[in-house]
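Asks: Here it is: the structure, laid out below.
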Amino acid sequence: MNTQESSNSGPSHKVVEIGVALAVVVFGLIVLLGSISAGIGWGSEGPRAGFFPFYIGLSIVISGAVNLWNAMRPDAPGGIFAEWGQLRQVLLVVIPATIYAVAVGYIGIYVSSAIFIAWFMRWLGKYGWPTVASVAIGMPLIVYFVFEKWFLVALPKGPIEQWLNL
Amino acid sequence: MEEFTNLFHGFAVTLQPFNIMVMVIGIVLGILIGVLPGLGGANGVAILLPLTFSMSPTSAIIMLTCIYWGALFGGAITSILFNIPGEPWSVATTFDGHPMAQQGKAGEALTAAFTSSFIGALFAVIMITLVAPLVASFALRFGPAEKFAVYFLAFCSFVGLSKEPPFKTIASMMIGFALAAVGLDAITGQLRLTFGFTELLNGFDFLIAVIGLFGIGEILLTMEEGLNFRGGKAKIDLKVVLRTWMSLPRYWMTSLRSCIIGCWMGITPAGATPASFMSYGIAKRVSKNGRNFGKGEIEGVVAPETAAHAAGTAALLPMLSLGVPGSPTAAVLLGGLLIWGLQPGPMLFVEQKEFVWGLIASMYLGNLVGLIIVLTCVPVLAAILRIPFSIIAPIILVLCAIGAYTVNNNVFDVIMMMVFGVLGYVMKKCNYPLAPLVLALVLGKMAEESFRQSLLSSQGNLGVFFSNGLVSSIMVLGLIALFWSVIQEGYTRLRARPA
């Protein structure tokens with residue numbers, strides 16, 4: 001795969017670690033807020049809906065704060081989180097896969113899967129079109145027969161399937 | 001004696017042609033899942049769970065557990081041949097397995113790994129057969145406070161036994177609990193933590209979380225490493241198998257010790273991965289060949305594989321008898337029980353005898369079938385491994401998407417899966433363990449219910465969790481587990497001090 005850009009620079013591990021710990025604290029605060037609005041006291045039916053989540057939220061904030069403290073200590077492990085080139089590889093999957101996940105709702109799972117597999121193999125794998133086509137079309141076909149015909153599980157379909165009357 | 005009658009009935013159920021077919025399909029799929037990167041036991045079972053909706057619960061659980069056994073076997077293949085652990089619990093197998101393969105002893109290493117796996121599983125299944133009914137009948141007497149104490153113990157031992165920093169384990173676990181609380185509150189019927197988003201009304205489904213965290217997260221990690229499969233050929237013939245089998249009895253002590261470690265770590269939800277490391281570590285310290293460990297010592301393959309498979313199997317004991325799964329995969333299986341309309345917990349042994357004993361019998365047969373299949377199919381499996389990642393990855397991703405969709409027939413879940421995928425990648429990179437999150441997500445509602453019921457009966461007095469001998473001893477065990485690393489450190493310091 002792409003190795004030309006693998007210089008040894010990237011976001012430092014410490015920064016990411018602090019960011020994650022902060023995100024955990026924020027998440028805990030959201031849980032606390034939500035619990036308080038649901039009621040954390042004692043009602044006629046016993047502990048109210050927010051009672052248990054409130055203490056969960058509290059534990060999240062505390063553990064997040066401890067992790068934050070540990071991450072900021074000078075003796076925390078240094079180094080980089082990942083090289084920029086590596087993160088680029090990851091984003092090359094995350095972005096198209098997210099588009100794919102959204103597309104499933106509009107054009108159905110078969111067509112979007114075919115396009116996604118074809119993109120992946122062509123772009124990242126540099127395969128010839130015959131190989132790409134055989135996998136990209138063959139895989140959804142197999143899925144169609146296994147799920148819809150054998151196991152009778154319906155999968156999302158789009159306009160093309162409707163037009164084909166499947 | 002009643003157990004044996006029940007077990008025989010179980011064998012009769014398992015030996016029905018349809019169930020045998022389902023078993024073989026499950027094992028083969030499981031081995032594939034174990035061999036392929038990005039598909040592990042937990043998310044493999046989660047993806048295939050929807051396929052079982054139309055089956056009877058017994059056939060369904062046989063298929064899913066067999067996928068699990070297959071995955072446990074399959075993990076060893078990649079570790080030994082390619083030095084790439086297909087599953088986290090086979091990391092320790094690479095230490096000696098791969099050097100053996102480099103010395104041209106791949107056949108021996110694989111045979112030793114598979115046979116050890118089988119022995120570990122067999123030991124754990126026998127233990128389940130004998131112990132599970134006792135635990136279940138004991139647990140039938142549990143009230144809400146005792147139930148909560150068991151959950152408490154399970155989660156505390158996670159914190160104490162995990163090799164990740166304790167506060168990261170707690171953070172991960174509590175996030176799981178928080179996600180489990182989103183949506184409708186079962187006791188008051190009130191909405192909570194939805195913040196007005198209609199997508200959150202039904203809460204977070206743990207199957208989506210499992211597929212995202214483990215499946216997509218793993219693919220992203222593999223992408224980052226830019227992994228290429230490069231590896232040796234494997235050939236196993238009968239001569240190699242027999243020769244290795246002749247040499248294995250020498251390590252009976254290592255096997256037995258690894259079985260016990262595995263069973264213990266499997267029942268407490270520490271899981272197969274720490275069990276394999278611990279077993280390897282102890283074998284290295286105790287064995288007279290300890291110095292050769294890491295250079296291709298067969299004992300270094302026997303120890304982790306036996307323990308991993310014993311732990312993986314033993315994880316089903318608390319799942320069946322208490323409704324508390326011992327591993328993420330067992331948690332997914334427990335989710336399956338709920339979907340098939342069975343209530344996990346001790347009542348299963350009373351109300352669903354055919355199901356429980358069919359499952360236990362299938363563990364015996366499934367592992368035997370698994371052993372035969374892996375021993376005969378290694379060349380085929382090694383060939384599959386040579387399919388490049390850029391073909392495998394999109395196919396796995398599509399399978400994950402299909403699995404996520406079919407859980408609730410909801411397109412939004414596919415997007416949630418991607419969110420969990422990115423989350424899993426970042427958490428894994430920052431040493432936040434994923435298993436506690438998943439287990440808390442599965443058990444959150446049940447733990448909360450028993451907690452609130454206990455408080456209700458005691459009018460809000462927390463003393464209810466220490467009100468009788470049984471519940472207090474479980475709670476105290478939990479507290480010991482929670483502070484285990486602190487206790488251990490104190491002990492070593494005390495010993496290190498000169499007298």
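The values are calculated or read from the model by the stated rules, or taken from the named source; none is laboratory data. Treat the numbers as computed from the prediction; the structure is a model and nothing was measured. Glycine gets a Cβ as well: all are built from the backbone with ideal geometry, and neighbour counts include every protein chain shown.
Asks: Give region B:131-160 a look and list any residue that's among the basic types (Lys, Arg) and assigned to a helix (DSSP H, G or I), or say none. Give the derivation first.
Replies: So the first thing to find is which residues in region B:131-160 are among the basic types (Lys, Arg), and the list is B:141, B:147.
Correct list: B:LYS147 only.
Asks: Taking the conditions exactly as written (at pLDDT 85 or above, facing another protein chain (nearest Cβ under 9 Å), more than 25 Å from B:PRO328 (Cβ to Cβ) and surrounded by fewer than 22 Cβ atoms within 10 Å (Cβ to Cβ)), does B:THR188 satisfy them or not?
Replies: On the way: at pLDDT 85 or above: no; facing another protein chain (nearest Cβ under 9 Å): yes; more than 25 Å from B:PRO328 (Cβ to Cβ): yes; surrounded by fewer than 22 Cβ atoms within 10 Å (Cβ to Cβ): yes.
So B:THR188 fails the test.
Asks: What single numbered condition from (1) crowded, with 19+ Cβ neighbours inside 10 Å; (2) more than 10 Å from every other protein chain (Cβ to nearest Cβ); (3) at pLDDT 85 or above; (4) within 27 Å of B:SER473 (Cα to Cα) fails to hold for B:ALA154?
Replies: Only one criterion in (1) crowded, with 19+ Cβ neighbours inside 10 Å; (2) more than 10 Å from every other protein chain (Cβ to nearest Cβ); (3) at pLDDT 85 or above; (4) within 27 Å of B:SER473 (Cα to Cα) is unmet by B:ALA154, namely (3).
Asks: When B:MET173 is evaluated against the numbered criteria (1) surrounded by 22 or more Cβ atoms within 10 Å (Cβ to Cβ); (2) farther than 30 Å from B:LEU456 by Cβ, which criterion, by number, is the only one it fails?
Replies: Only one criterion is unmet by B:MET173, namely (2).
Asks: Taking the condition of being surrounded by 22 or more Cβ atoms within 10 Å (Cβ to Cβ), in contact with a Phe, Trp or Tyr (Cβ under 8 Å, 6 or more places away or on another chain) and either more than 7 Å from every other protein chain (Cβ to nearest Cβ) or part of a loop (DSSP other than H, G, I, E, B) (or both), how many residues in region B:161-170 meet it?
Replies: Selection size over region B:161-170: 1.
Asks: On to the next question. Is it fair to say B:LEU213 is modelled with pLDDT of 80 or more and within 14 Å of chain A (Cβ to nearest Cβ)? Working first, answer last.
Replies: Values: modelled with pLDDT of 80 or more: yes; within 14 Å of chain A (Cβ to nearest Cβ): no.
Considered against the rule, which asks whether it is modelled with pLDDT of 80 or more and within 14 Å of chain A (Cβ to nearest Cβ), B:LEU213 comes out as no.
Asks: Count, please, the residues in region B:191-210 that happen to be more than 7 Å from chain A (Cβ to nearest Cβ) and over 18 Å from B:GLY335 (Cβ atoms). I'd like the intermediate steps shown before the answer.
Replies: Applying the first criterion (more than 7 Å from chain A (Cβ to nearest Cβ)) to region B:191-210 yields B:191, B:194, B:196-210.
Among the residues that remain, those that are also over 18 Å from B:GLY335 (Cβ atoms) are: B:191, B:194, B:196-201.
Of the residues in region B:191-210, 8 are more than 7 Å from chain A (Cβ to nearest Cβ) and over 18 Å from B:GLY335 (Cβ atoms).
Asks: Further question on the same structure: Of the conditions (1) within 11 Å of another protein chain (Cβ to nearest Cβ); (2) within 21 Å of B:ALA330 (Cβ to Cβ); (3) crowded, with 22+ Cβ neighbours inside 10 Å, B:LEU397 clears all except one; give me its number.
Replies: Here B:LEU397 meets the rest and fails (2).
Asks: Please enumerate the residues belonging to region B:447-482 that are of a type outside the set (D, E, K, R), at pLDDT 85 or above, closer than 25 Å to B:GLY326 by Cβ and buried (at least 16 other Cβ atoms within 10 Å of the Cβ).
Replies: Listed by number, the residues that qualify are B:ALA447, B:SER450, B:PHE451, B:GLN453, B:SER454, B:PHE465, B:VAL471, B:ILE474, B:MET475, B:LEU477, B:GLY478, B:LEU482.
Asks: Any chance region A:13-33 includes a residue that's part of a loop (DSSP other than H, G, I, E, B) and either more than 10 Å from chain B (Cβ to nearest Cβ) or free of Cβ contacts under 8 Å to residues at least 60 places away in the same chain (or both)? Spell out how you get there, then give the answer.
Replies: Taking region A:13-33 and keeping what is part of a loop (DSSP other than H, G, I, E, B), we get none.
No; the residues of region A:13-33 include none that is part of a loop (DSSP other than H, G, I, E, B) and either more than 10 Å from chain B (Cβ to nearest Cβ) or free of Cβ contacts under 8 Å to residues at least 60 places away in the same chain (or both).
Asks: Mind checking whether some residue in region B:374-383 is surrounded by fewer than 18 Cβ atoms within 10 Å (Cβ to Cβ), free of Cβ contacts under 8 Å to residues at least 60 places away in the same chain and among the aliphatic types (A, V, I, L, M)?
Replies: yes
Asks: Looking for something outside any loop (DSSP other than H, G, I, E, B), out of contact with any helix residue (DSSP H, G or I) (no Cβ under 7 Å at 6 or more places or on another chain) and free of Cβ contacts under 8 Å to residues at least 40 places away in the same chain - is there at least one such residue anywhere in region B:105-126? Lay out the reasoning, then the answer.
Replies: Of region B:105-126, the ones outside any loop (DSSP other than H, G, I, E, B) are B:106-126.
Among the residues that remain, those that are also out of contact with any helix residue (DSSP H, G or I) (no Cβ under 7 Å at 6 or more places or on another chain) are: B:126.
From what's left, free of Cβ contacts under 8 Å to residues at least 40 places away in the same chain: B:126.
Checked region B:105-126: at least one residue is outside any loop (DSSP other than H, G, I, E, B), out of contact with any helix residue (DSSP H, G or I) (no Cβ under 7 Å at 6 or more places or on another chain) and free of Cβ contacts under 8 Å to residues at least 40 places away in the same chain.
Quick grid of which residues meet (1) more than 9 Å from chain A (Cβ to nearest Cβ); (2) within 24 Å of the chain's Cα centre (by Cα); (3) over 28 Å from A:ILE109 (Cα atoms):
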| residue | (1), (2), (3) |
| --- | --- |
| B:SER390 | no, no, no |
| B:GLY444 | no, yes, yes |
| B:PHE451 | no, no, yes |
| B:GLY460 | no, no, yes |
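Asks: Out of region A:117-166, which residues are at negative phi and outside any helix (DSSP H, G or I)? Steps first, answer last, please.
Replies: Quick first cut of region A:117-166, residues at negative phi only: A:117-125, A:127-151, A:153-164, A:166.
Across region A:117-166, the qualifying residues are A:LEU124, A:GLY125, A:TYR127, A:GLY128, A:PHE151, A:VAL153, A:ALA154, A:LEU155, A:PRO156, A:LYS157, A:GLY158, A:LEU166.
Asks: Here are the criteria: (1) modelled with pLDDT under 90; (2) more than 9 Å from chain B (Cβ to nearest Cβ); (3) buried (at least 19 other Cβ atoms within 10 Å of the Cβ). Tell me which single one A:PRO74 does not satisfy.
Replies: Single failed check for A:PRO74: (3).
Asks: Just to be sure I understand, how many residues within region B:46-69 are closer than 24 Å to B:HIS309 by Cα and of a type in the set (S, T, N, Q)?
Replies: Qualifying residue count, region B:46-69: 3.
Asks: When you scan region A:54-63, do you find a residue that is within 22 Å of the chain's Cα centre (by Cα) and surrounded by fewer than 16 Cβ atoms within 10 Å (Cβ to Cβ), even just one? Quick ask: steps written out before the conclusion?
Replies: So the first thing to find is which residues in region A:54-63 are within 22 Å of the chain's Cα centre (by Cα), and the list is A:60.
Still in the list and also surrounded by fewer than 16 Cβ atoms within 10 Å (Cβ to Cβ): none.
No; the residues of region A:54-63 include none that is within 22 Å of the chain's Cα centre (by Cα) and surrounded by fewer than 16 Cβ atoms within 10 Å (Cβ to Cβ).
Asks: Pick from region B:309-342 the residues that are aliphatic (A, V, I, L, M) and not in a helix (DSSP H, G or I): which of them is farthest from B:LEU437 (Cα to Cα)?
Replies: From region B:309-342, those aliphatic (A, V, I, L, M) are B:310-311, B:314-317, B:319-320, B:322, B:324, B:330-334, B:337-339, B:342; that's our starting set.
Of the ones still in play, those that are also not in a helix (DSSP H, G or I) are B:315, B:324, B:342.
Details: B:ALA315: 17, B:VAL324: 14, B:LEU342: 23 Å.
Looking at residues that are aliphatic (A, V, I, L, M) and not in a helix (DSSP H, G or I), I get B:LEU342.
Asks: Let me ask you something else. Identify the residue in region A:117-166 that is without any contact (Cβ under 8 Å) to a residue 12 or more places away in the chain and of a type in the set (Lys, Arg) and, among all such residues, is farthest from the other protein chains (Cβ to nearest Cβ).
Replies: If we take residues in region A:117-166 being without any contact (Cβ under 8 Å) to a residue 12 or more places away in the chain and of a type in the set (Lys, Arg), then A:LYS149 is farthest from the other protein chains (Cβ to nearest Cβ).
Asks: Then there's this: Can you tell me which of A:ALA49, A:ALA82 is assigned to a loop (DSSP other than H, G, I, E, B), more than 24 Å from the chain's Cα centre (by Cα) and facing another protein chain (nearest Cβ under 7 Å)?
Replies: Values: A:ALA82 fails: more than 24 Å from the chain's Cα centre (by Cα).
After applying the criteria, what remains is A:ALA49.
Asks: Oh, and also: If you check A:VAL61, A:VAL66, which single one turns out to be more than 9 Å from chain B (Cβ to nearest Cβ) and under 18 Å from A:VAL24 (Cα atoms)? Write out each step before concluding.
Replies: Details: A:VAL66 fails: more than 9 Å from chain B (Cβ to nearest Cβ).
On inspection, the qualifying residue turns out to be A:VAL61.
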